[in-house]
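Notes follow the structure.
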Amino acid sequence: MVVLYSDDCFSVVETEKYGMAVVCHKNFKKGEVLFSFSDGTTLDYQTQHTLQVCDGVYIDHPLAGYVQHSCDPNCWVIPDSQQFVCRKEIIAGDFISMDYEQTEDLLFKDFQCGCGSPVCRGYISGRKVI
């Protein structure tokens, strides 16, 4: 793995299987805040690595933009408080995941999901599919 960013709790890494991803360096319990993305840059346009917080408002953040998708994620995104909250226990070494359709009206780029979850929706395009 190639490490692109690292701090005490997380690293952004490039993997063969997932591409860019965020990996934890410590354990988190259900309900714990993993990190806030309120210190990100607010934009009025979407990029591949922004996170939509409301209609027409996107945040560019060094961690949030590289969290992987899962149809059964280990985190929830709370747009109002701009936080990632642990949905289920995370162990050091786990990749952080979120459901992209929780926040994005339309994805920057649709994709065939490969999360492997029993509840996988197959194709991910955003919560407002045209």
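The values are calculated or read from the model by the stated rules, or taken from the named source; none is laboratory data. Being a predicted model, the structure only gives us computed values, none of them experimental. All Cβ positions, even for glycine, are placed from backbone atoms using ideal geometry, and neighbour counts span all protein chains on display.
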Given the residues Tyr58, Tyr66, Tyr18, which is the only one that is over 13 Å from the mean Cα position of the chain (by Cα) and aromatic (Phe, Trp, Tyr)? Tyr58
List the residue pairs whose Cβ atoms are under 6 Å apart, where the first residue sits in region 6-32 and is outside any loop (DSSP other than H, G, I, E, B), the second is among the charged types (D, E, K, R), and the two are 6 or more positions apart or on different chains. Met20/Glu14; Cys24/Asp94
Of (1) modelled with pLDDT of 95 or more; (2) over 14 Å from the mean Cα position of the chain (by Cα); (3) of a type in the set (A, V, I, L, M, F, W, C), Val129 satisfies all except one. Which? (1)
Need pairs with beta-carbon distance below 6 Å; first residue without any contact (Cβ under 8 Å) to a residue 60 or more places away in the chain and within region 86-108, second of a type in the set (Gly, Ala, Ser) and crowded, with 21+ Cβ neighbours inside 10 Å; sequence gap 6+ or separate chains. Ser97/Ser70
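Any idea which of Cys71, Cys115 is surrounded by fewer than 19 Cβ atoms within 10 Å (Cβ to Cβ), touching a Ser or Thr at 6+ places or on another chain (Cβ under 6 Å) and at pLDDT below 95?
Values: Cys71 fails: at pLDDT below 95.
From the options Cys71, Cys115, the qualifying one is Cys115.
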Look through region 69-108, keep the residues that are closer than 19 Å to Met20 by Cβ and assigned to a strand (DSSP E or B), and return whichever of them is farthest from the chain's Cα centre (by Cα). Ile90
Hits in region 23-68 - residues which are closer than 18 Å to Cys86 by Cα, of a type in the set (Gly, Ala, Ser) and surrounded by fewer than 20 Cβ atoms within 10 Å (Cβ to Cβ): Gly31, Ser36, Ser38, Gly65
With respect to Arg87, determine if the residue is touching a strand residue (DSSP E or B) at 6+ places or on another chain (Cβ under 7 Å) and more than 24 Å from Leu4 (Cβ to Cβ). yes
In region 88-104, anything at pLDDT 95 or above and surrounded by fewer than 17 Cβ atoms within 10 Å (Cβ to Cβ) is listed as Lys88, Glu89, Ile91, Ala92, Gly93, Asp94
Residues of region 33-55 satisfying the condition of being in contact (Cβ under 8 Å) with a residue 24 or more places away in the chain and either among the small types (Gly, Ala, Ser) or part of a strand (DSSP E or B) (or both): Val33, Leu34, Phe35, Ser36, Ser38, Gly40, Thr50, Leu51, Gln52, Val53, Cys54
Considering (1) in a strand (DSSP E or B); (2) under 23 Å from Met1 (Cβ atoms), say which one Tyr58 fails and leave the rest. (2)
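Surrounded by fewer than 19 Cβ atoms within 10 Å (Cβ to Cβ) and within 26 Å of Met1 (Cα to Cα): does that describe Lys109? Give the steps one after another, and end with the answer.
Details: surrounded by fewer than 19 Cβ atoms within 10 Å (Cβ to Cβ): yes; within 26 Å of Met1 (Cα to Cα): yes.
The answer is yes for Lys109.
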